[in-house]
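Structure, as structure tokens:
The values are calculated or read from the model by the stated rules, or taken from the named source; none is laboratory data. This structure is a prediction, so every number in the text was calculated from the model and none was measured. Here the Cβ is made from the backbone with ideal geometry for all residues, glycine too, and neighbour counts use every protein chain on show. The accessibility values were calculated without ligands, DNA or RNA, using every heavy atom of the protein model including side chains. Shrake-Rupley method; radii C 1.70, N 1.55, O 1.52, S 1.80 Å.
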Amino acid sequence: MQSANMFLKKILRSPVLPFAAQHGMKKDLLPLSRTLSLSLCLKQDNSCNPEEKLDLDAWKKVMKSGLPEVVSETVSEHKELSTLAAARETVEMWRLAGRLVPENITEEQLKTFTECSSKSAQKKYLKFLHLRELYKKNDKRKMDEKRERRLETKEQASEADEAKRNSFICLWASCMDRAYSWRAAQSMIFGQPLVFDMSYEKDMSAREVANAVRQMVFSEGCNRRSADPFHIHFCNFKEDSLYHKEFIKHYRGAWGKLLITVTDQCYTEVFPKDKLIYLTADSPKVMKTFDHDKIYIVGSIVDKSIKTGVSLARAKRLGLETAALPLEKYLLWNVGAKNLTLDQMMHILLTLKDTGDWKKALEFVPKRKYCGFVSKPVHELKKTLSLVNTLKLGKRHEELQKQFAKNYSKKLTRK
């Protein structure tokens, strides 16, 4: 009994079992070891309990169950992996041999390849996979080509539309430019003159001169696009002045092609004095209507510090008639000085020349400077203002009139 146990232990400890498991012999050795161990146990039990009998059915069940099934499963998986690897190797060999084989093949396709009954069936299956792969590639290539063609046609259509649009815009711009130039040329012969006094360079800084030139550029463009433009004159214009340099910066090569008159002479030497009217916000005389026979003068000055009386003093020195726009007559003035920019003056004069309507012309005044247009007569507005003042100050109307007369007389004495 002891010798049998020793023999069984040697068998279990020996390297025979791992060797057998590697080469597929474990399935045969494990039942042998199980029978030996069970037989030894049964002998021991019989020796200990000789009265008990051996249960053969239980012994058969133990022999059939357990470990051999697990070993068979691992061996079957190993066999499947080895067959798939072998199938993949054969597919690669056929590809190198030049046969019709797909470039990419999945494990499921390899399984179906191994399940084929014959070699010809395997070849046909691989050819089928190869053709299907080619069809997919061709379909993808065709879709890409269609997409590229669609994009190309869209780009060509957009380019054609842009070319048509750009050509139409260029044609329209060139035609309108010719029409504007023709009107400006006609205004130089038959149009009403409008003078810009360019003698204020010493009264402004370089920044204010640049701002004034920018406003005059806007004025020239507005005048050029109008239906009945003015004949613009730049009087007292000196070469190599700040005005000249700023104009060259803006117009560059087009400065010599402008349809305006530029002269270094004074306007009193070019036009008769009785036709000249100097427009200034400091003038005590208010302009009532636009006179087409007169020649209006606008001072080319932009002063941030608002130097009052500069243009009025120049006009008085030359003995010219002055006028101011009727801003208080038509507008409820809010805040700020009553000086307007040069392009705003150009818009107002062009509107007055075309329509003669002060309300339409004064719409170009910035809306931040007034509350609205006057809807009532001036004397009624004065009455309402005096009533408001009496209510605010608690004074009588006569006292207010006396105070206003005193202040007005002081202003006259100062002038």
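Listed values, structure above:
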| read-out | value |
| --- | --- |
| Scope the range 171-186; condition in contact (Cβ under 8 Å) with a residue 12 or more places away in the chain and open to solvent by 60 Å² or more (accessible area, probe 1.4 Å); matching residues | R183 |
| Lone unmet requirement of (1) outside any loop (DSSP other than H, G, I, E, B); (2) at pLDDT below 90 for T268 | (2) |
| Unique match (being touching a helix residue (DSSP H, G or I) at 6+ places or on another chain (Cβ under 6 Å) and open to solvent by less than 60 Å² (accessible area, probe 1.4 Å)) among E133, E201, E220, E208 | E201 |
| Pick from the range 289-311, criterion open to solvent by 40 Å² or more (accessible area, probe 1.4 Å) and at pLDDT 90 or above, ranking: farthest from I232 (Cα to Cα) | T289 |
| Selection count, the range 223-248, where residues are open to solvent by 40 Å² or more (accessible area, probe 1.4 Å) and either among the acidic types (D, E) or free of Cβ contacts under 8 Å to residues at least 24 places away in the same chain (or both) | 5 |
| Residues of the range 113-130 classified as open to solvent by 90 Å² or more (accessible area, probe 1.4 Å) and free of Cβ contacts under 8 Å to residues at least 12 places away in the same chain, total | 5 |
| Qualifying residue in the range 187-195 (condition: surrounded by 10 or more Cβ atoms within 10 Å (Cβ to Cβ) and at pLDDT below 85) | no |
| Residue count, the range 323-355 (criterion: in contact with a Ser or Thr (Cβ under 7 Å, 6 or more places away or on another chain) and over 17 Å from K367 (Cβ atoms)) | 5 |
